[in-house]
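The values are calculated or read from the model by the stated rules, or taken from the named source; none is laboratory data. The model shown is predicted, which means the values in this text are computed figures rather than measured ones. Ideal geometry is used to build each Cβ from the backbone, glycine not excepted, and the neighbour counts take in all protein chains shown.
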Amino acid sequence: MQTILHLDIDAFFASIEQLKNPRLRGRPVIVGTGVIASCSYEARRFGLKAAMPIRQAVRICPDVVVLDGNQHTYRCFTDAIWEIARRWLPAMETFLDEAYGDLSGTDQLYPDPLVVGRTLKLAIKEEVGLNVTIGIGGNRMVAKMAGKSVKPDGLAFVPHGQEDAFIATRPIEQLPGVGPATAPILREMNLHTIADLRVLRLEVLEALFGRNGVHLYERCRGRDTRPIHEREIPKSISRETSLHKPTCDAAELRAYLQYLAERAMRTIRQLGLATRGVRVNIRHEDGESAEAGQVLPSPTMIDEEVLPLARELFDRIVRRRVALTRVGVVFTHFSAPDGQQDLFAIERNARLERLHAALDHIRTKFGHASVVAGASISLIGKLQQEANGYVLRTPSLTK
């Protein structure tokens, strides 16, 4: 019988900042540049939330502490937490600040899932210093909903056979897949609880919401058959940063772009993937944003095949004489590397793949900053450096 554990790090970035600096504990803290990436529970009491513009947050709560954050530090914390969790979880699927673990088949070792959750929470608190919320249930959806019902620093278990009783009376907005656009439509149809949604036939939900309607039909009945994967192919891998000060310097901006693309491509290779989709986005000092993307003819895991397109897209959208405050690159359309290429491409790519494999090995062993190449060299002296590379203002995300 399947048993899934969902682990969520409470107020991820903000909690780490409060742990690092005891003077911030008990105070409203937000992390982000431009918009909130994470906010402490003290900040949430004032109505602050993720994706809210920081200017608005400061107006609502003048005493809030605003921090840029450091993605290298946060990654170290998650690595430590996932390492602890693997002591109890045979299979894990990890994301930025949450993870799913499969306890199925461990009944003889761990007859009581609540004991596992309680022990895991205690180990993380003692060894890392952070609070986590854990939900346990018969599938991914129920486990995550169980955890959300007891945040923060909670522990909840929905025993097998009690899934329907747990989800039926909950508000429709708590069902995964019911977002800000879907919820008002369902409310207008006088559907207020998850159980109410069951009156709609599959074909009706599919006609209303497409593929998501099919998922809603299954989920409102407590069904979720998605397995736990040790490695899930992400929908996108993005690297972006808010600039330390607005600039129109084209050379500096291209240096940022190359550095961000290099970091993203290294992650893509580490996952054993190739990418076809390239997208570049920018934000001007006056708040106006622009974005452009394009799909490559074939998948690649080589920097030299994506950088020219990234630069072309960047030049395409930088048309105004207004300084930039943010630049980012996003890669999508992932697949396994394509072996069906022409002979000359195979020979050329083999050399570049060996080169990047060697660079990745060096950077993994000695830190990303051990090798700085190309346009990103010009950032030396302009940005603070540590072993893992330049210290950027906005955490980079793999989604």
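The figures follow:
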read-out: Total residues in the range 190-208, condition among the aliphatic types (A, V, I, L, M) and surrounded by fewer than 14 Cβ atoms within 10 Å (Cβ to Cβ); value: 4
read-out: Elements of type helices (runs of 4 or more DSSP H) in the range 172-254, at least 2 residues being basic (K, R); value: 211-219
read-out: Hits in the range 192-215 (condition: under 12 Å from A168 (Cα atoms) and of a type in the set (A, V, I, L, M)); value: I194, A195, L197
read-out: Qualifying positions in the range 319-334 - within 25 Å of P297 (Cβ to Cβ) and either of a type in the set (A, V, I, L, M) or touching a residue at least 60 places away in the same chain (Cβ under 8 Å) (or both); value: G328, V329, V330, F331, T332, F334
read-out: Candidates V199, V178, V132 - the one that is assigned by TED's automatic domain parsing to the domain that holds T73 and not hydroxyl-bearing (S, T, Y); value: V132
read-out: Restricting the range 153-168 to residues that are part of a loop (DSSP other than H, G, I, E, B) and touching a helix residue (DSSP H, G or I) at 6+ places or on another chain (Cβ under 6 Å), the residue that is farthest from C220 (Cα to Cα); value: V158
read-out: Members of the range 95-154 that are over 23 Å from M1 (Cα atoms), of a type in the set (A, V, I, L, M) and at pLDDT 90 or above; value: L122, A123, I124, V128, L130, V132, V150
read-out: Residues of the range 275-303 satisfying the condition of being polar (S, T, N, Q), crowded, with 16+ Cβ neighbours inside 10 Å and farther than 26 Å from H244 by Cα; value: T275, T300
read-out: Subset of the range 88-105 that is within 26 Å of S15 (Cα to Cα) and of a type in the set (A, V, I, L, M) - its residue that is nearest to the chain's Cα centre (by Cα); value: L96
read-out: Filter result for R321 (charged (D, E, K, R), loosely packed, with under 15 Cβ neighbours inside 10 Å and not in a helix (DSSP H, G or I)); value: yes
read-out: Test for R211: is it exposed (fewer than 15 other Cβ atoms within 10 Å of the Cβ) and either at pLDDT below 95 or farther than 28 Å from S15 by Cβ (or both); value: yes
read-out: Test: residue in the range 333-341 that is within 18 Å of Q270 (Cβ to Cβ), at pLDDT 90 or above, of a type in the set (F, W, Y) and not in a helix (DSSP H, G or I); value: no
read-out: Output for the range 255-287, where each listed residue is touching a strand residue (DSSP E or B) at 6+ places or on another chain (Cβ under 9 Å), among the charged types (D, E, K, R) and in a helix (DSSP H, G or I); value: E262, R263
read-out: Residues (under 24 Å from L19 (Cβ atoms) and among the charged types (D, E, K, R)) located in the range 93-129; value: D97, E98, R118, K121, K125, E126, E127
read-out: The range 278-298 residues that are in the same structural domain as T247 (by TED's automatic domain parsing) and on the phi > 0 side of the Ramachandran plot, paired with ones that are among the β-branched types (V, I, T) and crowded, with 19+ Cβ neighbours inside 10 Å (beta carbon under 9 Å, 6 or more apart); value: G287/T325
read-out: Tally of residues being over 13 Å from R87 (Cβ atoms), small (G, A, S) and not in a loop (DSSP other than H, G, I, E, B) across the range 119-149; value: 5
read-out: Wholly enclosed strands (runs of 3 or more DSSP E) of the range 1-111 bearing at least 2 residues buried (at least 17 other Cβ atoms within 10 Å of the Cβ) and touching a Leu at 6+ places or on another chain (Cβ under 8 Å); value: 4-9, 29-31, 98-102
